[in-house]
1. Within the range A:151-167, can you find the residues that are out of contact with any helix residue (DSSP H, G or I) (no Cβ under 8 Å at 6 or more places or on another chain) and either at pLDDT below 95 or more than 26 Å from residue A:129 (Cα to Cα) (or both)?
2. Tell me which strands (runs of 3 or more DSSP E) are completely within the range A:1-90 and hold 1 or more residues being in contact (Cβ under 8 Å) with a residue 40 or more places away in the chain, over 18 Å from residue A:157 (Cβ atoms) and within 16 Å of DNA strand E (Cβ to nearest atom), or say none if there are none.
3. For the range A:57-85, which residues satisfy the criterion of being exposed (fewer than 15 other Cβ atoms within 10 Å of the Cβ) and within 27 Å of residue A:186 (Cβ to Cβ)?
4. Against the definition (surrounded by fewer than 24 Cβ atoms within 10 Å (Cβ to Cβ) and more than 16 Å from DNA strand B (Cβ to nearest atom)), how does residue A:114 come out, yes or no?
5. Provide a single number: the residues in the range A:16-62 that are under 21 Å from residue A:147 (Cα atoms), within 16 Å of DNA strand C (Cβ to nearest atom) and in contact with a helix residue (DSSP H, G or I) (Cβ under 6 Å, 6 or more places away or on another chain).
DNA sequence: CCAGACGTTGTT
DNA sequence: GTCTGG
DNA sequence: CCAGACGTTGTT
DNA sequence: GTCTGG
């Protein structure tokens, strides 16, 4: 479900919003159509640096665990279920020690509609819906991250990758789908990011549906459906459709 | 997530 | 149907 | 013990 | 690495 989102806010704005100490990225492009395997900006508390500063850095979307033989597994590890994240071998280590926030200016869900097609048949239409903060603030999506290095190549660089955590949908989204990404409230950021937090039950308690009042949604163009389309127009509100409209 | 492909050989 | 690419 | 997977979603 | 299935 949660396989496409919007990342438009500049590193500077994100650094301010998330109280980031250090920006470790330059020249990162905004995207209104972030798909799996893209590089996304992530907020993480770096335990290897004195004082575990909050850092903004790019990571590949699709988690590649340290034991993976190649990058391919990341294609399937884009969403971690909150209910089972502590148990799953692919996520367990990251959940215990490598949690992050994936900033998003919104995300997409799809409504499958039936339209009259040729010869009296019906045709499935994937209608994208843009979901975002009512006040236009970036959302703090709960994320997990991992480091991986090609075991075949001793000179290979370390690759940082991430996944987002999903939970059951709130009432606003329930008619679209039964899952949604976890959106962390400000008060939860510290505990979630701190690598030293070892109260797993407390962490899991943070992984609940966002309040309906925080979010707003509207239909957008099906141009979103092609992952290589991009631009501000992808989040424009679609005119309400009439019974006989197109 | 959706859209689009879904294959192998030998040759440059 | 299932996998890959974006 | 070894081998093999390691994930989620939606849709009919 | 770690878990599950056989």
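The values are calculated or read from the model by the stated rules, or taken from the named source; none is laboratory data. For clarity, every value in this text was computed on a predicted model and none was experimentally measured. Counting neighbours? That spans all protein chains shown, and the Cβs are built from the backbone with ideal geometry, glycine included.
1. Across the range A:151-167, the qualifying residues are A:151, A:152, A:153, A:154, A:155, A:156, A:157, A:158, A:160.
2. Numbers: elements: A:5-7, A:31-34, A:39-45, A:54-61, A:79-81.
Counting at least 1 such residues, we get A:79-81.
3. Looking only at the range A:57-85, we keep the residues that are exposed (fewer than 15 other Cβ atoms within 10 Å of the Cβ), and these are A:66-67, A:69-70, A:72, A:75-76, A:83-84.
Matches in the range A:57-85: A:83, A:84.
4. Working: surrounded by fewer than 24 Cβ atoms within 10 Å (Cβ to Cβ): yes; more than 16 Å from DNA strand B (Cβ to nearest atom): no.
Answer is no for this residue.
5. Result for the range A:16-62: 1.
Let's see how each residue does on (1) within 16 Å of DNA strand E (Cβ to nearest atom); (2) in contact (Cβ under 8 Å) with a residue 40 or more places away in the chain; (3) within 22 Å of residue A:176 (Cα to Cα):
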| residue | (1), (2), (3) |
| --- | --- |
| A:202 | no, no, no |
| A:209 | no, yes, yes |
| A:220 | no, yes, yes |
| A:231 | no, yes, no |
